[in-house]
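All remarks here apply to the structure that follows.
Rule-based calculations on the coordinates, nothing more; no lab input. No experiment lies behind these values; they were computed from the predicted model shown. FYI the Cβ positions are ideal-geometry reconstructions off the backbone, even for glycines, and counts take in every protein chain you see.
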Amino acid sequence: VEIFDTIAPLREFVAERRRGGGPIVLVPTMGALHPGHGACVGLGRRIEGGTLVVSIFVNRTQFAPGEDLATYPRTPESDIEQCRRWDVDAVFVPGESEMYPSAQRTWVSVEELTDPLCGRVRPGHFRGVATVVTKLFNVVAPDVAVFGQKDAQQALVIKEMAEQLNMPVEVRLAPIVREPDGLAMSSRNRYLSPEERPRAAAVYGALLLGRERIEAGERNPARVVEAVVRHLRAAGVDEIQYAELRDARDLCTLEKIAGKVILAVAVKVGKTRLIDNAVWDVDETGGVADALLF
Ligand code: PAF
């Protein structure tokens, strides 16, 4: 694996690989790599003849004041080792001044899609994400970029940004990877104490309960969400930031549960913020099938 901490040599490496033919594939991450990232890398690795680049950068501009920027896990050595085991071609680990050499005054903002869910709870978050991902796309010039479905709203935002700004990149999604107890893999899971773990796992239980209600014929989104919230409260999660059922294509609210829908949840267990979601295709006859966002 080649390691780059500056832009210029990485650009040369990518240009060289491009001359050799085959697509450039980027998996952007903030490090503390886990099997969820592994699913993104695996999907990228399967692209015929591709050169796989993983970026590792804890992006300060997507954290609001008071969030966990200072304590966000930073494990660059073991991340690079992991990339080696995953057979990644290049790792980009830039420092702060490489990505933000001057006070940032140019921003990328995606409207509407960023209003609900995490956008409501974390003002400015998606502006930071869209801006850094644009920078990474400009640095690496990938043909394909892979993101995880756990950050469903982020994936929709980046896909729309790439389409609407004519970025020549195809955005692909890797499915959520879960721990044996159902907890979605996340770099933040390492903050959880053994005592908090069962409460964290209740989030997945709440998603399953939502599915059960829909399978049993419930088509009123508010009633499904009510059951989900009751489950989370009973499990003792410390704070429910949101639990919502929305249209999975544009995150609009639903009158009735039908078509491709997303049940998205954000909670706090102790000090740890966890997000999770399930996307289902709900057909006319009442069938509910797991689906990818896109
Ligand atoms: O999902 C993440 O890890 C980050 O939001 C991303 C896409 C790497 C941007 O900093």
Qualifying positions in the stretch 140-154 - more than 9 Å from the ligand (Cβ to nearest atom) and surrounded by fewer than 22 Cβ atoms within 10 Å (Cβ to Cβ): Ala141, Asp143, Val144
Residue in the stretch 52-64 that is of a type in the set (A, V, I, L, M), in contact with a Cys (Cβ under 8 Å, 6 or more places away or on another chain) and over 17 Å from Asn138 (Cα atoms) present: no
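Say we look at the stretch 15-56 and pick out the residues that are of a type in the set (A, V, I, L, M) and farther than 11 Å from Val144 by Cβ; which of these is farthest from the chain's Cα centre (by Cα)?
Going residue by residue through the stretch 15-56, those that are of a type in the set (A, V, I, L, M) are 15, 24-27, 30, 32-33, 39, 41, 43, 47, 52-54, 56.
Still in the list and also farther than 11 Å from Val144 by Cβ: 15, 30, 32-33, 39, 41, 54, 56.
Values: Ala15: 28, Met30: 11, Ala32: 14, Leu33: 13, Ala39: 12, Val41: 13, Val54: 15, Ile56: 14 Å.
Once the filter is applied, the top-ranked residue is Ala15.
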Among (1) touching a strand residue (DSSP E or B) at 6+ places or on another chain (Cβ under 9 Å); (2) within 14 Å of the ligand (Cβ to nearest atom); (3) not aliphatic (A, V, I, L, M) - the single one Thr131 does not satisfy: (1)
Residue within the stretch 127-137 that is among the basic types (Lys, Arg) and either closer than 20 Å to His34 by Cα or free of Cβ contacts under 8 Å to residues at least 24 places away in the same chain (or both) present: no
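For the stretch 215-228, how many residues meet the condition of being hydrophobic (A, V, I, L, M, F, W, C) and closer than 18 Å to Gly182 by Cβ?
2
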Index of the failed condition, Leu173 passing every other in (1) free of Cβ contacts under 8 Å to residues at least 40 places away in the same chain; (2) within 16 Å of the ligand (Cβ to nearest atom): (1)
Residues (within 14 Å of the ligand (Cβ to nearest atom), hydrophobic (A, V, I, L, M, F, W, C) and in contact (Cβ under 8 Å) with a residue 60 or more places away in the chain) located in the stretch 53-87: Val53, Phe57, Phe63, Ala64
Qualifying position, being of a type in the set (A, V, I, L, M) and surrounded by 17 or more Cβ atoms within 10 Å (Cβ to Cβ), among Leu33, Leu69: Leu33
Restricting the stretch 155-182 to residues that are out of contact with any strand residue (DSSP E or B) (no Cβ under 8 Å at 6 or more places or on another chain) and surrounded by 22 or more Cβ atoms within 10 Å (Cβ to Cβ), the residue that is farthest from Ala243 (Cα to Cα): Met161
Complete set of residues in the stretch 1-52 that are basic (Lys, Arg) and either farther than 23 Å from Leu292 by Cα or within 16 Å of the ligand (Cβ to nearest atom) (or both): Arg11, Arg17, Arg18, Arg19
